[in-house]
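Here the structure comes first, spelled out in structure tokens, and everything after it is commentary.
The values are calculated or read from the model by the stated rules, or taken from the named source; none is laboratory data. Remember, it's a predicted structure, so these values are computed and weren't measured experimentally. Heads up, the Cβs are rebuilt from the backbone with ideal geometry, glycines too, and the neighbour counts pull from every protein chain shown.
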């Protein structure tokens, strides 16, 4: 395990350059802003790149959100997810309306029974005609109530089926909204939710870790072989990471060439073993075109690790894992670095050096 820190920071490829650009412009480090800057950086949408540059260094969040809505297709799953929420809320309101109507009908029927009972009881001598008329009236009311009840049951069964369908659609939309389309891992949106949940249970924090893994020299791969090859490398790295950890480990692609793992139930030593297993497996994995035999490798990753017990909240945990990742890059790449106290100060000094 290498914890050495070089005297000067080399900003790590795409993720580092995007993060640095956002910090320099005072942009909030939230998922939708990162995705916006990533799309602009890779140049897949020249109009977005031009419009973002035109905002300058004083861009407001509203202006950034407007650009995202205009240019970024990734907002569609979230909108579908929100629409599905509205649909299921409408179905619930409809069901409540049926129940309220049923309650009103039953209350009217009960009042009729009570009133008839009182009138019969108040007569000292009850005539046969009165009893016959009361029985006819109650029979009719009972028949109407039974019919109404049957109709209500039919309506509720139909609405229940409709709601089951909406729930299925909602689950599918949620899966789409939380999945990275390229790697099939969880995306940044799902990662932010899962990371926040780490701090909901203090008892688990001492055995929970965040690993950030960043592909080394990924920009060179894209520039040399093109984005299709870069995408294939990303998908392969994602597969290697996923197959080298337990099924319950949360794995996400958090943007660009960066991956995040949230590991529960392990000590720091055990987490470091897992990180090194991932790193060594990738280091020995061949990255070749099966048709042309072109060798794209070797592909390696740098990994930063921080235990949740060393952080005050989700943002602090991510920041410290990120600092450990930067230290791994500066130590020569293709290594694992565990966050230690004092790295924050060294990291800040290095940023000042870089920015000057």
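At a glance:
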{"item": "Residue check for residue 255: in contact with a helix residue (DSSP H, G or I) (Cβ under 7 Å, 6 or more places away or on another chain) and on the phi > 0 side of the Ramachandran plot", "result": "yes"}
{"item": "Any hit, the stretch 242-262, residues being in a helix (DSSP H, G or I) and either assigned by TED's automatic domain parsing to the domain that holds residue 184 or touching a strand residue (DSSP E or B) at 6+ places or on another chain (Cβ under 7 Å) (or both)", "result": "yes"}
{"item": "The stretch 50-64, residues that are part of a helix (DSSP H, G or I), out of contact with any helix residue (DSSP H, G or I) (no Cβ under 7 Å at 6 or more places or on another chain) and closer than 11 Å to residue 33 by Cβ", "result": "61"}
{"item": "Where residue 246 falls short, out of the listed (1) surrounded by 17 or more Cβ atoms within 10 Å (Cβ to Cβ); (2) within 21 Å of the chain's Cα centre (by Cα)", "result": "(1)"}
